[in-house]
Amino acid sequence: LENLQPEIKKLAERLRYEVSVRGKQVGWSEKVARFHFKKNLRRIITELYIRDNCHPFKATLLVWVQIPMWVCVSLALRNCSVGARGSEVQEQLSAGGTLWFTDLTAPDSTWILPVSLGLINLLIVEV
């Protein structure tokens, strides 16, 4: 999308000139000329997106898939840590930690894990 911006800008300037010339020939008002300019610019931009296969929705598709997945995984981990899945799982999680988090059922008081998880997810989305 960023690589298309210079081309879009050039085409918009050319279209603005063509619409103003055509508007003077036909006698369009400023409002009608603006309408035709916007309509044709949308058409040109859509053609460029199709030509280069870079629709803006494709950039956000990963986020729309990742958000529900993150919510489901978070809820599943929460249910495991509070014992909703059985006491065996909670006992394993309370003794299975390492480094500064020895009890996986206790909240992280240092906020290292939540912040690092958030930064990693942001990096994944940005990439």
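Quick notes
- Extension gain (nm, one decimal) between R78 and K39, 0.36 nm per residue minus Cα-Cα: 9.0 nm
- Average accessible area per residue (Å²) across the chain - probe 1.4 Å, nucleic acids and ligands excluded: 81
- Each Cα pair under 8 Å and six or more residues apart adds its separation to the average, and for the chain the resulting relative contact order is 14 percent.
- Among (1) 24, 16, 14; (2) 57, 14, 12; (3) 42, 20, 11, the entry that matches semi-axes √(5λ) of the Cα gyration tensor in Å as calculated here: (2)
- With the cut-off at under 16 Å, measuring from each backbone N in the stretch 32-56 to a point 7 Å along the Cα-to-Cβ line of L1 picks out 42, 45-56.
- E2 contributes about 150 Å² of solvent-accessible surface, heavy atoms of the protein only, 1.4 Å probe.
- Taking every lysine pair in the stretch 3-54 that is 8 or more places apart or spans two chains, those with Cα atoms closer than 16 Å amount to 4.
- Carbon/sulfur fraction of accessible area - the chain, other protein chains in place, 1.4 Å, %: 64
- Helix 112-126 vs. the chain, principal-axis angle (Cα, 0 to 90°, nearest 10): 30
- Taking chymotrypsin sites (Phe, Trp or Tyr not before Pro) as exposed when their DSSP state is a loop state and no more than 10 other Cβ atoms lie within 10 Å, the longest site-free interval of the chain runs over 1-99.
- Annotation: I45 carries an accessible surface of approximately 40 Å², with a 1.4 Å probe and no ligand, DNA or RNA atoms counted.
The values are calculated or read from the model by the stated rules, or taken from the named source; none is laboratory data. Here the structure is a predicted model, which is why all the values come from computation and not from measurement. Glycine gets a Cβ as well: all are built from the backbone with ideal geometry, and neighbour counts include every protein chain shown. To get the accessible areas, we keep the full protein, side chains included, count just its heavy atoms, and leave off ligands, DNA and RNA. Shrake-Rupley method; radii C 1.70, N 1.55, O 1.52, S 1.80 Å.
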